[in-house]
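Undergrad: Handing you this structure, nothing more for now.
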Amino acid sequence: TNQRLFVADMYNHRVLVFDLSSGISNGMDAAYVLGQADFESNAAATTQSGLNYPNGLAYDSSTQRLFVADTYNNRVLIFDLSSGITNGMEAADLLGQLDDDWNPVYTKNGVNNSPNRLGFSHPRDNVIDPANHRLFVADTYNNRVLVFNLDADNNLQDRIADYVLGQ
């Protein structure tokens, strides 16, 4: 869908986006990069556009949102690609790093070693269940999977996990 291939490039702290609309060729270059301002940069960052060891990727073609498990920032960044993609674009939302009113804090990367419904400890992967409107996030160091309910259009209902599996 949308003729895109997303690749987590963990050690370069970025996600490469390949445009496959014209086909695939050996050695083709990525069209865009998320997590870095350009293709030459590779620094880890805790910002609204930065990544630190991105791992699992989940793309929802109905909303054109990309969910990135940003492992060392202990969060899941959510990129809204419905208006297009630009190099180094900012995330539209996040899970795992919230203030006291449960709003996103993009400059925080603390580990949630006291497991609760709000944070993660090294999330490694995530997957969207579009039929049942759920997002599953593997919260690796807390030995669990957090489940977030989505609305009928697969948008987050809130930033608080609705279920926990494994604990």
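Undergrad: Within the accessible area of the chain, what % is carbon and sulfur when the probe is 1.4 Å and the other protein chains stay in place?
TA: 45 percent
Undergrad: With θ taken as phi - 60° and the coefficients 6.51, -1.76 and 1.60, list the Karplus ³J(HN,Hα) couplings across segment 18-33 in order, rounded to whole Hz; mark glycine and proline as x.
TA: These are the phi-based 3J(HN,Hα) values: 9, 8, 9, 5, 9, x, 10, 9, 4, x, 5, 7, 5, 8, 9, 9 Hz.
Undergrad: Here's another thing I want to ask about it. Where the centre of each part is set by its Cα atoms, how far does segment 109-141 sit from segment 20-79, in angstrom?
TA: So the two Cα centres are separated by 18 Å.
Undergrad: Follow-up. What list of ³J(HN,Hα) couplings, whole Hz, do you get for segment 118-129 from phi and the Karplus terms 6.51, -1.76, 1.60, once you set θ to phi - 60° and write x for glycine and proline?
TA: Running phi through 6.51 cos²θ - 1.76 cosθ + 1.60 with θ = phi - 60° gives 9, x, 10, 10, 6, x, 10, 7, 7, 8, 9, 9 Hz.
Undergrad: In Å², what does the accessible area per residue of segment 65-167 work out to with a 1.4 Å probe?
TA: 47 Å²
Undergrad: If you take the square roots of the eigenvalues of the alpha-carbon gyration tensor of segment 46-167 and sort them as a ≥ b ≥ c, do you get rounded (a/c under 1.5), prolate (a/b over b/c) or oblate? Please list the in-between numbers first.
TA: On the way: a/c = 1.56, a/b = 1.12, b/c = 1.40.
It comes out oblate by the Cα gyration axes.
Undergrad: How charged is the neighbourhood of His133? Take every other residue with its Cβ under 9 Å from the Cβ of His133, and add Lys/Arg as +1 and Asp/Glu as -1.
TA: -2
Undergrad: Here is a follow-up. When Lys and Arg each count +1 and Asp and Glu each count -1, what net charge do the other residues less than 11 Å away from Met10, Cβ to Cβ, add up to?
TA: Around Met10, the charge tally is 0.
Undergrad: Okay, moving on. Mind listing the phi-derived Karplus ³J(HN,Hα) values for segment 34-50, rounded to whole Hz, using 6.51, -1.76 and 1.60 with θ = phi - 60°, and x for any glycine or proline?
TA: So the Karplus estimates, Gly and Pro as x, are 10, x, 9, 6, 7, 6, 8, 7, 8, 7, 5, 8, 10, 9, 6, 10, x Hz.
Undergrad: Could you please report the charge total around Asp60, scoring K, R as +1 and D, E as -1 over all other residues with beta-carbon less than 13 angstrom from its beta-carbon?
TA: For residues surrounding Asp60, the net value is -2.
Undergrad: While we're on this one: Tell me the relative contact order for the chain as a rounded percent, counting alpha carbon contacts under 8 Å between residues six or more apart.
TA: 16 percent
The values are calculated or read from the model by the stated rules, or taken from the named source; none is laboratory data. Everything numeric in this text was worked out from a predicted model, so none of it was measured. We place every Cβ from the backbone using ideal geometry, glycine too, and count neighbours over all the protein chains shown. Accessible surface areas use protein heavy atoms only, side chains included; no ligands, DNA or RNA. Shrake-Rupley method; radii C 1.70, N 1.55, O 1.52, S 1.80 Å.
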